[in-house]
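The values are calculated or read from the model by the stated rules, or taken from the named source; none is laboratory data. Since we're looking at a predicted model, the values are computed, not measured.
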Amino acid sequence: PDAWRMLHLHARTHGERFAAEVAAMREEIVAFVTQLIAAAARDAHRDPHLPEGEVAGLAEALVGAAESLADWAGATEGVTAKQAAATLMNFAWAGLGDLMAGRPWSPPEDSEPVPDAEGVPDSEPVAQAAG
């Protein structure tokens, strides 16, 4: 945690050299996590051709969550790296597990009014929910 905190702090306060190094490291991490997610999808007997954009988006989200959690843990008294890692796993594991099992999240079909042929939203779902 101390090395992460120092590198992150220098990237924010010491200019382009440190910022470029952090950006390069982040790109490597995202590429590695992208490969891990794609391999997990194949191993879970899902479509081996899971859309590349979806896998890349998942990797970016996971790495971003890890970065934010590392910042939080560094600023929170008493949180160890092991505890922060467990928190991240608890956060990500259920969602990725469901996705790999073929149960992706999707919004309820009737959650928003759908525009009719003239582009006017149909207020029926809202009226039913209110009534």
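Determine whether LEU9 is at pLDDT 85 or above and among the aliphatic types (A, V, I, L, M). For LEU9, the condition - at pLDDT 85 or above and among the aliphatic types (A, V, I, L, M) - is not met.
Report yes if ALA117 is at pLDDT below 90, at negative phi and in a helix (DSSP H, G or I), otherwise no.
On the way: at pLDDT below 90: yes; at negative phi: yes; in a helix (DSSP H, G or I): no.
For ALA117, the condition - at pLDDT below 90, at negative phi and in a helix (DSSP H, G or I) - is not met.
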